[in-house]
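**Student:** Have a look at the structure that comes next, please.
The values are calculated or read from the model by the stated rules, or taken from the named source; none is laboratory data. Source: prediction; values computed, not measured. Glycine also receives a Cβ, built like all others from the backbone with ideal geometry; neighbour counts cover every protein chain displayed. Accessible surface areas use protein heavy atoms only, side chains included; no ligands, DNA or RNA. Shrake-Rupley method; radii C 1.70, N 1.55, O 1.52, S 1.80 Å.
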Amino acid sequence: MSTGSMTKRHLVELLSLEEHEAESLDKYLTSLEAMDSNKVMESIQCHLCDIQIVVTKDRSKMEAVFRDQESSRVLHLQCDSCKKSVALRAGGKWWPLQESLHCGDSYRSSFKEVATFGERLLLHVLNRIIFKEVEHDSGTPALFLPIPADEQAKLIWCNGEVVGFYTLKPRGKLYQGAFGESYAMPIVDLMFIRKKFRQQGYGAKVIEDLAFMFPNQNFGFSHPVSPSLYIVLLRYLQMHPEMHDHIWVTTYTGDEGHRQNIWLLLRHLVRKKGNLILA
């Protein structure tokens, strides 16, 4: 007896690097180049331009998944019109961008630590496509580089759709490029909330998640901190005076001389300006 249709698979459920690397992307690109022009070509709809983009070698751009592993690569399919990526090729198939932002559990609403290769791919989509190409604000002070393969990170979910992510440098981890120096506290290095989910309290939830993981401990946010996050931090600290001494904005390792207490910083700015307009 039939149990119903086959469950649809999602990008985040691609569990292993081995499954992804079963297809040689170089050979796939060669096959595209050699394909008969009379053959019906695969196409994917651009979610921004609402046009069909035919898959060709010229439109397929190779991208590294991780900052420190050039061998782990994916393809981005780019739209001729808007020049944005519309799909990601991994595990032997193309994943349309909007579909890749969902999982198979429509009730998933939580913070989930990144553990599988599929979750790393979704982190790549959020960081290198959604933030960098689609939702990047000209006023944002930094571009997000590829994330290292061993970076501690969490994905934020709401009803089976990914909201955003943050990455964390744990206390004691060696600072890249420094001899023998390590992070003095847990430090949020990158944080991104998709535009459709902003103004819904997710910034405060990130702070609450950190406070839960590190009770009565210091933690920091890597400089520069966006004006909107400073406002969220001020509101949180006004409601939680017990956290005044524990949250910092940091540079380098966050050790003495490389950190500033956020409560004291914001209180000074409010007294000086009469508000918290930080632009």
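**Student:** When the accessible area of the chain is computed with all protein chains present and a 1.4 Å probe, what percentage of it is carbon and sulfur?
**Tutor:** Roughly 51 percent of what the probe reaches on the chain is carbon or sulfur.
**Student:** So what's the projected area for the chain, the Cα convex hull averaged over all directions, in nm²?
**Tutor:** 19.0
**Student:** What lysines does Lys196 reach when the alpha-carbon gap must be under 22 Å and sequence neighbours fewer than 8 apart in one chain are set aside?
**Tutor:** Those lysines meeting the cut-off are Lys83, Lys84, Lys112, Lys132, Lys154, Lys205.
**Student:** Sticking with this structure for a sec: Can you tell me the dipole magnitude for segment 185-279 around its Cα centre, using point charges on the Cβ only (Lys, Arg +1; Asp, Glu -1), in Debye to the nearest 20?
**Tutor:** Its charge dipole is roughly 660 debye.
**Student:** Bin width 10 Å, alpha-carbon pairs only: give the P(r) of segment 28-106 as whole percents, running from 0 to the bin holding the largest distance.
**Tutor:** 17, 46, 31, 6, 0
**Student:** Before I look further, what does segment 138-254 give for accessible area per residue, probe 1.4 Å, in whole square angstrom?
**Tutor:** 48
**Student:** Same structure, new question: Of Leu234, Ser110, His223, which is farthest on the positive side of the dipole of the chain, counting Cα position, with +1 on Lys and Arg Cβ, -1 on Asp and Glu Cβ, and the Cα centre as origin?
**Tutor:** Leu234
**Student:** Still on this model: Semi-axes of the equivalent ellipsoid for segment 175-278, please: Cα gyration tensor eigenvalues, times 5, square-rooted, ordered largest first, whole Å.
**Tutor:** 22, 17, 14
**Student:** On the Cα set of segment 198-240, report Rg and Dmax in Å, please.
**Tutor:** 10.4, 28
**Student:** With charges only on Cβ, +1 for K and R and -1 for D and E, what is the dipole size of the chain about its Cα centre, in debye, rounded to 20?
**Tutor:** Dipole of the chain, to the nearest 20 debye: 960 debye.
**Student:** Turning to a different aspect of this structure: Over segment 36-171, what is the percentage of antiparallel beta bridges among all DSSP beta bridges, to the nearest 5?
**Tutor:** 95
**Student:** Once all Cα-Cα distances of segment 81-191 are split into 10 Å bins that start at 0, what whole-number percent is in each one?
**Tutor:** Final binned percentages: 13, 40, 34, 12, 2.
**Student:** Kindly write out, for segment 112-118 in residue order, the coupling ³J(HN,Hα) from the Karplus curve 6.51 cos²θ - 1.76 cosθ + 1.60 (θ = phi - 60°), rounded to whole Hz, with x marking Gly and Pro.
**Tutor:** Each residue's phi maps through the Karplus curve to give 10, 5, 6, 9, 9, 5, x Hz.
**Student:** List, in order, the whole-Hz ³J(HN,Hα) value for each residue of segment 99-105 obtained from phi through the Karplus relation with A = 6.51, B = -1.76, C = 1.60 and θ = phi - 60°; use x for Gly and Pro.
**Tutor:** For segment 99-105, the Karplus curve yields 5, 5, 8, 10, 10, x, 9 Hz.
**Student:** When all protein chains stay in place, what accessible area (Å², nearest 10, 1.4 Å probe) is found for Tyr252?
**Tutor:** 80
**Student:** About the Cα centre of segment 171-237, how large is the charge dipole given +1 on each Lys and Arg Cβ and -1 on each Asp and Glu Cβ? Please answer in debye to the nearest 20.
**Tutor:** Its charge dipole is roughly 380 debye.
**Student:** Would you be so kind as to identify which of Gln45, Ile193, Thr30 lies farthest towards the positive end of the dipole of the chain, taking Lys and Arg as +1 and Asp and Glu as -1 on Cβ and the Cα centre as origin?
**Tutor:** Ile193
**Student:** Sticking with this structure for a sec: Take the Cβ-Cβ distance between Glu23 and Ala149 as r, set R0 to 22 Å, and report the resulting FRET efficiency rounded to the nearest 0.05.
**Tutor:** Between Glu23 and Ala149 the formula returns 0.65.
**Student:** Which of Tyr175, Pro146, His136 sits closest to the plus end of the dipole of segment 100-181, meaning its Cα is farthest towards the positive end, when Lys and Arg get +1 and Asp and Glu get -1 on the C-beta?
**Tutor:** Tyr175
**Student:** Shifting gears a bit: With angles folded into 0 to 90 degrees, how steeply does helix 227-239 sit against the dominant principal axis of the chain? Use alpha carbons for both and round to 10.
**Tutor:** 50
**Student:** Once you have the Cα-Cα distance between Lys39 and Asp137, take 0.36 nm times their residue separation minus that, and quote the gain in nm to one decimal.
**Tutor:** 31.2 nm
**Student:** Quick check: residue separation of Tyr107 and Lys272 times 0.36 nm, minus the Cα distance between them. What number comes out in nm?
**Tutor:** Taking 0.36 nm per residue and subtracting the Cα distance, the gain is 54.8 nm.
**Student:** For the pair Phe214 and Cys82, what calculated FRET efficiency results from E = 1/(1 + (r/R0)^6), where r is the Cβ-Cβ distance and R0 = 35 Å, to the nearest 0.05?
**Tutor:** The calculated FRET efficiency here is 0.25.
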